[in-house]
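Rule-based calculations on the coordinates, nothing more; no lab input. It should be emphasised that the depicted structure is a prediction, and the values quoted were computed from it without experimental measurement. Cβ placement follows ideal geometry from the backbone for every residue including glycine, while neighbour counts extend to all protein chains displayed.
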């Protein structure tokens, strides 16, 4: 009767996933970007409704529902803005030896591990609001994975460029 040796315990990064201190976070200024973009969206919607009503494209009944119904006109835009701020409060990333771990969400926490050997392209992009605040979004595109496009918003431009270069360098080394 032979006794097989016990396998060594599996080392996982579950502790790292639960620890918020090990994740790099986007700049707090990114909340200003999200607030400005959502507020701009709702200003355009409301302006469109006013213009449509003034030219007679919007009936009085629909106008009254939007303007006087508390659930539509007064709760939806602020709720949309607040939910965006809460949802994106949980963003973070961690560059590890063989992958990039991205965390997002507050209510539903999601972790995405991007294998560096599968990285095909690393981009940076900045909206008008991001450029005004010196922020950049990093976009990582991979081959053959469910998360073919992973983004990290709200990074200071210098950090995003350094991370882009590091991801490209590590991806090239691991792919060989």
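Some observations on this one:
- Extending 7 Å from the Cα toward the beta-carbon at both residue 173 and residue 61 defines two label points whose distance is 6.7 nm.
- For the range 92-175, the gyration tensor built on C-alpha atoms gives an oblate shape. Its axis ratio a/c (a ≥ b ≥ c) is at least 1.5, and a/b is not larger than b/c.
- Additional length obtainable on full extension of the chain from residue 161 to residue 123, 0.36 nm per residue less Cα span: 12.8 nm
- Protection-proxy order for peptides 105-112, 117-124, each taking the mean of Cβ atoms within 10 Å per residue, highest first: 117-124, 105-112
- Sorted on the mean count of surrounding Cβ atoms within 10 Å across their residues, most packed first, peptides 51-60, 163-172 read 163-172, 51-60.
- For the range 78-134: rounded, prolate or oblate by the Cα gyration tensor [a/c cutoff 1.5]: oblate
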